[in-house]
Structure formats: C-alpha cells, structure tokens
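Each remark here refers to the structure printed beneath this line.
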Amino acid sequence: MTADLVIHNGKVVSPDTVIDASIAIKDGRVLAIGAAAAMPQAIEIFDAKGLHILPGAIDVHVHFRDPGYPHKEDWESGTAAAAFGGVTTVFDMPNTIPPTGTADILAEKHKIAASKAHVDFGLYGLLGDDTIEAVPALVAGGVIGFKCYMGNTFGKIPSPSTGAMLEAFEVVAPTGKRISLHAETNDIMERRQKRLMAAGIHDQFAHLAARPPVVAVEAVSRAAILAEWTGARIHILHISSADELRPLREAKARGVDITGETCPHYLLLSTEDYDRVPGVIAVNPPVREARNQAPIWAALLDGSIDMIATDHAPHTPEEKTRNDIWTVDCGFPGVETQMPLMLNEVNAGRMSICDYVRMSSYNPARIWGLFPRKGSLQPGADADIAMVDLGRDHVIRDAEIQSRSKISPWDGCKIKGLPVHTLVRGRFVMKDRVLANTKGWGRSVHTIQKMPSPDVRNAEHSMHAITAQRSAGRREKIA
C-alpha cells in the first residue's frame, strides 16, 4: 500500500509519552506510526526534524460570529486563525444572529460553516426557555451539544429560570448530549450592575464588581444539582475563580457527569493587567485577582479542570475601547494564541508537553465523544496534526493575527514555542506559517460523535411524565 504522506524525524506526543517516530497517512487518517524503515512508500515525504508532532488541539469554545456579525469575524477568518494556532477542530457557540435555536437555523449555519471552514467544527444548539421543544430536532440536525446561558453575555441571550433549566436538562439527558454552561447567576449580576450604573460607576473594575466569584459558585452548584437529579451531562465553561473549584470537585466526587474548562487569560492575566490594556481585557466572566491563578493551574494539572479552551470572542478595536465599561463588548480573540501561550508555559516548566496534549486534545475528544477519531495519533485516527517548534521565539502581534479582530491583551507578548504546520484530515491547512488554499475543507464532526449511553435519573418526576400522567387521568375521568 502506498501512503499519501509520510512524516519523518518528528517527536510524536501523546498524553503519556514522547517518542521518535514516523507517521504514515492515507485517505485522511493515520495509517501507521513507527520506525522510519517500517513506513510504506508514499506520494509525499515530509521532514519534521526538530519538531514535536501533536494531535491538533480541539477548542470546544469559540464565537465565530457568523451569521450576524461579519465585521467581527466569520467562518473563514476564524478557522484561518485556528489553523495558525494548531487547532484542528472548533465548537462554535449559538449566540449568532439568529441564535442557533431551531433545526432550520442550524441547517443554514451548517451550510455557512461548511462553505468557509479551514478546520473541522461542531455547532452548539441554544438551550433556553423557548427552545426546549426544539431539542429533538436540533439533535437530529447535528448539534455537538447544547449551550445554556445562566448569565448575560454578548448577544443578550435570555437566561432561563431554574424551572426551565430543570425541564431542559430533563429533555436533553436522554439524548446523551453534553450541556455547556455559562455558569454565572444572572439576577445577581443584573442587580449589582444596575446599582453601580445608578451610582455613576463605569470604570473597568466595576465590571469585576458586578460579577463576584459567588455568581459562579452559585451557578455551578445549582447546575450540578440539576444534572445530578436528571442525569444530564454538563460542562462548565471558562472557569475564572478559585472559589468555583469547590462545587466542581464536590460534584465530581458525587458522581455527577460534570467537566470543566479554563482559558489562557484566567491562567496568565489578572486585575494587575487592567490598566495595561484598558477595556481590552474585559471578558465574561472577568479576569480576576492574581490569587486565583495558582489554584486554577493546580486544578488543571490534577484533572479537576479537564481542558483548555479559549472563549475566542472577537470584536473591533472601537467596540473594545469605549470609556464606559458598560458599553464595551466583552471578549477578545484567542484561538490562534492559545497554543503558543501554553507552549511557552511548557518551556517554562509549568507543565509537560504530554500534559498539554491531554488538556488540549485528548480530554476534549474523549469528553465530547470524538475519541479515538480525534484527540490522538494512532492508526485509524483522523490525521489532525500540529507540528510545533518548541525552540522558536515569537512575538504575538495583533496586527498579524488571522482573526478580523485586531485587538487583544496578548499584543507584544514574547513567547517560545510555535505551531509551524497544521494538518486537518491529512491535508496541510497551514504550512510554514502560511495559510493553504483550504477554504471549505472543514466538516462537521457531529457525524463521528459517539457519546456513551445516557444515565437518565428521576424520569418519573420530569415535566413530560407528570403532564402525561395528568392528561391521562383527565381523559379517564371524562370517559
């Protein structure tokens, strides 16, 4: 058999080890890994001398703003940024225009993404008061999971009541899909923001004051209880505080199917950076005091936090630099800079390259039902590869990133370690730091997702069950 591509002389990285090996690729998948002499003949040979070969990162939290906000980002620019960042699969959030809350809107978004994407993708369905009935159709239409906004953020998606959340969890639990949660309690934040605004307080620290850690502690605790009761699988997005680690760990100890992510800005930035980049650092939830960083790092390394994501949330410079913090659009680009920032931490000794692969690729693939097709380099897996040069010095420049959003807290940041080639299903989408002609190569990963069988609990108490029982009782009475 002749391979399409054989990569020689690289160091292949898994969550457990680093080995000197060659990789043969055929029809978009890994054909073999081993000694160079054991590789088949190939149409193309690539020399990866001096490079570490990682399974491509899976970013389960991006906002590509398409459709609805093309001036901020679209699928072409966002996935180009992913390719430059060694990210080979992205999960896009539903707060676009219109929100991804019906099967028809989902189908249209699939078409848009498939026509533009350089990398593979999954699409979230919106889970809220008015989309519960659409859950079956959204699952049939190919969502990777669901997103529930417990707290207000960009797009002003209404936050469901606790009653609606319970019913939504009841409906999603039997599907086996995971529910990602923006875990901040909305009514606490709204009350505090209104009081701050009424007092004329509008500096960037006011945003932090409106969202103290208790909003996350309460939200994570409440979501975990509802998941425990229903058997729904949940994922806590953008963990920003040391305080919310306790309810996360306690829920895991109770057997709740709960996972969590954090982002580079919560690991590497703090309130000490606010004045360095006024307004730019504004994000939901906020970047907090430096005391939170060490506990979040520890939780990431001990597995309490399962993965790294980015919450890539692009906006224009004008939208990020308004004088009134309440009018600043929260978020900034991150899908291109996550891997370089984390490789820099590998070089600094904060974690090993194997740790990084586990939290950036292996765990996301396993948790979202994509393993072993994604998240690993082994025979049969998709040949999603990031080849990185751990010794390469680089300066992050906003003006040079692929995202349409040219403003971030990382401008001028000096790092060591950079992805130099990225492959998606065996095809170079970025080579020698140059984007390939691969627009439209990305495809939805929902077709390969295989979640474990659901563990539905207390179904007899669900809204469906109790209304069906009452309706049947009325019919019998009338008869």
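Every number in this text was worked out from the coordinates using simple rules, so none of it is lab data. Just so we're clear, the structure is a prediction, and the values are computed from it rather than from any experiment. Using ideal geometry, Cβ is built from the backbone for each residue, glycine included, and neighbour counts are taken over all protein chains shown.
Odds and ends about this structure:
- Quotient of C-alpha Rg and 2.2 N^0.38 Å, computed over segment 3-47: 1.08
- Each Cα pair of segment 264-401 feeds into the Kirkwood radius, which the Stokes-Einstein equation turns, at 20 °C and 1.002 mPa s, into a diffusion coefficient of 128 µm²/s.
- Expressed to the nearest 5 percent, the antiparallel share of DSSP beta bridges inside the chain is 50 percent.
- Residues whose placed amide H lies under 5 Å from that of Leu370, excluding near-sequence neighbours: Lys450
- Segment 165-243 - Rg over Rh from alpha carbon coordinates, Kirkwood radius: 1.09
- Under 5 Å from the amide H of Ile179 lie the amide H atoms of Phe146, Arg233, Ile234, His235, each residue being 5 or more positions distant or on a separate chain, with H modelled from the backbone and absent for Pro and chain starts.
- Entries of Lys26/Lys374; Lys147/Lys431; Lys177/Lys252; Lys116/Lys320; Lys374/Lys416; Lys111/Lys406 with Cα pairs more than 22 Å apart: Lys147/Lys431; Lys116/Lys320; Lys374/Lys416; Lys111/Lys406
- Protection proxy ranking of 270-277, 217-224, by the mean of other Cβ atoms within 10 Å over each peptide's residues and highest first, is 217-224, 270-277.
- Ellipsoid equivalent to segment 1-154 - semi-axes via the Cα gyration tensor, in Å: 38, 15, 15
- Karplus-based coupling profile of segment 372-386, in residue order and whole Hz: x, 5, 10, x, 8, 10, 8, x, x, 6, 4, 7, 9, 9, 10, with θ = phi - 60° in 6.51 cos²θ - 1.76 cosθ + 1.60 and x standing for Gly or Pro.
- Under 5 Å, built H, 5+ apart or other chain: amide partners of Val420: Met387, Val388, Asp389
- Radius 14 Å from Cβ of Arg425, net charge of other residues (Lys, Arg +1; Asp, Glu -1): +1
- Ordering 160-170, 9-19 by mean Cβ neighbour count within 10 Å, with the highest value first, yields 160-170, 9-19.
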